[in-house]
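A.B. asks: Below are the structure tokens for one structure; questions will follow.
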Amino acid sequence: MTNRMRRPLVAGNWKMHTTYEEAIQLAQGIAKGCIGLADVEVALIPPFPWIVALAEVLHDSAIVVGAQTCSMYERGAYTGEVAAFMLAPFCRYVIVGHSERRSLFGETDEVVAAKLARILAHDMTPILCVGERLEEREAGETLGVIERQLQAIAASVDPSQAERLVVAYEPVWAIGTGRPATASDAQHVARFIREWVAERYGERAGQGVRILYGGSVTAENASAFFLERDIDGALVGGASLDAAQFCGIVEAAQAAAQAKKEV
Ligand code: PGA
């Protein structure tokens, strides 16, 4: 495959953390710390109630806002759900299929596929999370699991949309454990994902899709992932709650983008 430049993305998934004040402060700190790192797209993904306020706080910065999930339904009598169209005025990204949603809230591949369709229909970009559990990895089933989870794309994404997808490879055993994958293992899976997209949607889509690594990424270990050919950024949990750590990861992405340009 020829190598086309993809803009790296570093997205901070705040999960169910931060008070209102903490959220505003963190966003302001990150906005300040990321000034000048223009090669990297930065997305902050706070809990639902802070989305509107963050979109306002970040309005004059280059940082965009995302959501951690959305409803699989378009609208209607679905108490407690948040619809994609409600997020669209404020969010560029929506995470879908995060392992915590899959394991704790019963999000199946079918639900993931339905959410993907909703997100795309409202012109936001899904960050589709895929990744194997430890026992699946130990049984040598990693690529099989990833391939099964990617079927959600085949079910919901048409060829004109495939190029703007973001897929995050997040091995479940690496999330929140302080035990990241090795960069070369992550690259191996990222390559597999890119080839899968290219096979189904064509070379252009394969080259356009951005593939992130997620799972215990820190400012110290980020650079090794970003220097890999098929890894275009990171989905960051714990380290996104500290402005200095998170900006360190964005800096590493900026440096890797420069290095890749020179190749
Ligand atoms: P972590 O979480 O960086 O805390 O491992 C990553 C994620 O869940 O997206």
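A.B. asks: Can you give the relative contact order of the range 203-254 as a percent, counting alpha carbon pairs under 8 Å and 6+ residues apart?
C.D. replies: With pairs under 8 Å counted, the relative contact order is 40 percent.
A.B. asks: Sort THR142, THR108 so that the residue with the fewest other Cβ atoms within 10 Å of its own Cβ comes first and the one with the most comes last.
C.D. replies: Taking fewest neighbouring Cβ atoms as first place, the list is THR108, THR142.
A.B. asks: Mean-square fluctuation check for the chain, GNM, Cα pairs under 10 Å: which of ALA113, ALA244, ALA11 is largest?
C.D. replies: Fluctuation is largest for ALA244.
A.B. asks: Would you be so kind as to identify which of VAL42, ALA139, LEU235 lies farthest towards the positive end of the dipole of the chain, taking Lys and Arg as +1 and Asp and Glu as -1 on Cβ and the Cα centre as origin?
C.D. replies: It is VAL42.
A.B. asks: What FRET efficiency, computed as 1/(1 + (r/R0)^6) with R0 = 35 Å and r the Cβ-Cβ distance, is obtained for LEU143 and VAL52, rounded to the nearest 0.05?
C.D. replies: 0.30
A.B. asks: Still on this model: Give me the net charge of GLY144's neighbourhood, meaning all other residues with Cβ under 9 Å from the Cβ of GLY144; Lys, Arg count +1, Asp, Glu -1.
C.D. replies: Charge balance in the 9 Å sphere: -3.
A.B. asks: Here is a further query. Can you give the FRET efficiency for ARG164 and GLU199, using 1/(1 + (r/R0)^6), R0 = 22 Å, r = Cβ-Cβ distance, to the nearest 0.05?
C.D. replies: 0.75
A.B. asks: According to the Cα gyration tensor, what semi-axes, each the square root of 5 times an eigenvalue, does the equivalent ellipsoid of the range 9-236 have, listed from largest to smallest in whole Å?
C.D. replies: 25, 22, 17
A.B. asks: Using Cα pairs under 8 angstrom and six or more residues apart, how large is the relative contact order of the range 9-236, in percent?
C.D. replies: 16
A.B. asks: To make sure I understand, if each residue's beta carbon is the centre and we count other beta carbons within 10 Å, what order do LYS15, LYS261 fall in, fewest to most?
C.D. replies: LYS261, LYS15
A.B. asks: Still on this structure, please answer the following. Please arrange HIS17, HIS122 by counting, for each residue, the other beta carbons lying within 10 Å of its beta carbon, fewest first.
C.D. replies: Least crowded to most crowded, the residues run HIS17, HIS122.
A.B. asks: Within the set of other residues whose C-beta is less than 9 Å from the C-beta of ARG7, count the net charge using Lys and Arg as +1 and Asp and Glu as -1.
C.D. replies: Combined, the nearby Lys, Arg, Asp and Glu give -1.
A.B. asks: If you don't mind, there's one more thing I want to ask. What range in the chain is the longest one free of chymotrypsin sites (Phe, Trp or Tyr not before Pro) that are in a loop by DSSP and have at most 15 other Cβ atoms within 10 angstrom?
C.D. replies: 79-263
A.B. asks: Calculate, in nm to one decimal, what GLU81 and MET16 gain on full extension: separation in residues at 0.36 nm each, minus their alpha carbon distance.
C.D. replies: Residue separation times 0.36 nm, minus the Cα-Cα distance, leaves 21.8 nm.
A.B. asks: Choose one answer from GLU41, GLU138, GLU56: the residue with the largest mean-square fluctuation in a GNM of the chain with alpha-carbon springs under 10 Å.
C.D. replies: Fluctuation is largest for GLU138.
A.B. asks: Something else: What is the range 1-92 by shape, rounded, prolate or oblate, if you read a ≥ b ≥ c off the alpha carbon gyration tensor as root eigenvalues and call it rounded for a/c under 1.5, prolate for a/b larger than b/c, and oblate otherwise?
C.D. replies: oblate
Each reported figure results from applying straightforward, stated rules to the coordinates on display, with no laboratory input. Quick caveat: nothing in here was measured; it's all calculated off a predicted structure. Every residue, glycine as well, gets a Cβ built from its backbone with ideal geometry; the counts of neighbours run over all protein chains shown.
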